[in-house]
1. Between Arg260 and Phe175, 0.36 nm times their residue separation minus their Cα-Cα distance comes to what?
2. Please list, or write none, the aspartates and glutamates whose alpha carbon is within less than 16 Å of the alpha carbon of Lys205, excluding same-chain residues fewer than 8 places away.
3. Largest first, please: the extent of the C-alpha atoms of segment 165-309 along each principal axis, to the nearest Å.
4. If I model a spin label at Glu233 and Val113 as a point 7 Å from the Cα along the Cα→Cβ vector, what separation in nanometres do I get?
5. List the residues, sorted by chain then number, that are 5 or more residues from Ala191 or on another chain and whose placed amide H is less than 5 Å from its amide H.
6. Just the number please: accessible area per residue for segment 157-305, 1.4 Å probe, all protein chains included, in Å².
7. Which percent of the accessible heavy-atom area of the chain goes to carbon and sulfur, probe 1.4 angstrom?
8. How many angstrom separate the Cα center of segment 293-363 from the Cα center of segment 70-149?
Amino acid sequence: MMCIMLRRQHFMRRLLSTRSGTNKVYNSSIEAVRDIKDSSTVLFGGFGVCGIPENLIRALNQLGSKNLTAISNDAGVKDAGIGILIENNQISKLYASYVGEHKSFMQLYNSGVLEVFFTPQGTLAEKLRCGGAGIPAFYTPAGVGTVVEHGNFPVKYNPDKTIAVRSEKKEAREFNGRKYILEEALRGDFACVKAWKADRSGNLKFHSTAQNFNPDCAKAAKICIAEVEELVEVGQLDPDEIHLPGIYVDRVVVGERYDRLIEKLTVVDDPPAASSATADVAVNEIRNRIARRAAKEFKDGMYVNLGIGVPTLASNFIPAGVSVVLQSENGLLGMGPYPRRGQEHPDLVNAGKETVSYLPGSS
């Protein structure tokens, strides 16, 4: 009953605070984000460079807002996504699940420029979902028995490399004989999200895996700013194809420029990468051996999640006669093979940010 009341209260606050559809369309990305002031907490949709609000990020970079708290699946890359805000020292605090593609991230973290709260990816998604639903906290088994539970992990360093801030220990509790830890919801002052289409009432439609974290970010912010590729009139989107209702969206702007970035272009007619380095060949063989062994665990009819790295290789070694449905953590169920050259799309990637394809029955 309490959860129902909290959700209802949150929904009513959003209903009362959302402006009418006639006032939602902005003329430029700069105009749409101009009131994101220093020290604001901003939620950013996207997964790698797929589905990122690139025009809103560029506008923020141009405006120069400082001391921002960013909540994002990852740290972007050095010259794209929120990576450009990190490089410009505009973000001082970051909640993220993955930072490996940002080449200079560790230097910024180790030198005390960034305060970082590493969060398991599923936990991050649920923290945002609960923030949007008005649920203050939840229990999860993710992280039990690790530094996620026990704390004491470096959150921020001093310039001399000593630890300035450590993560806190989390409350734990057992349910039905299994241990869980308490995680608090995340909310933001603003959300910057990217959608494929919008109408003037703010109803959004996403495209392929570019949906990823965008809906959860949109719901968990006081003000949601959506950049879109195409703006249509009210009524042109069928109600059944709307992924996010306009009540969650406060501002809409058509993006000025889309770079169609792809982090890892993978197509089926590419020859295997040749390496003259013996060490590289040895590493690749070890990775393939691990993936080949993992694939032996696949049983006919299974649903299999493939995370970044070695897990994505396991799909190359599915035993003959075994049919499995592959799932990618960025939201694709029924993942197909690499596309043929020319058929790749920046909105359709796997957990490793590689271009993939759909299969019949994909969702």
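The values are calculated or read from the model by the stated rules, or taken from the named source; none is laboratory data. Predicted model, so just to flag it, every value in this text is computed and none were measured. As a convention, Cβ positions derive from the backbone with ideal geometry for all residues, glycine included, and neighbour counts pool all protein chains shown. Surface areas here come from the heavy atoms of the whole protein model, side chains and all, with no ligands, DNA or RNA. Shrake-Rupley method; radii C 1.70, N 1.55, O 1.52, S 1.80 Å.
1. On the way: separation 85, 0.36 × 85 = 30.60 nm, distance 4.57 nm.
Between Arg260 and Phe175, full extension yields 26.0 nm more.
2. Once the sequence-local aspartates and glutamates are set aside, what remains near Lys205 is Asp216, Glu227, Glu229, Glu230, Glu233, Asp238, Asp240, Glu241, Asp250, Asp347.
3. In descending order, the Cα extents are 57, 50, 42 Å.
4. Distance between label points: 4.9 nm.
5. For Ala191, whose amide H was placed from the backbone, the distant partners under 5 Å are Leu43, Ile223, Cys224, Ile225.
6. Details: 8600 Å² over 149 residues.
Solvent-accessible surface per residue comes out at 58 Å².
7. Details: 9420 of 17950 Å².
For the chain, the apolar C and S fraction of the accessible surface comes to 52 percent.
8. Computed from Cα coordinates, the inter-centre distance equals 25 Å.
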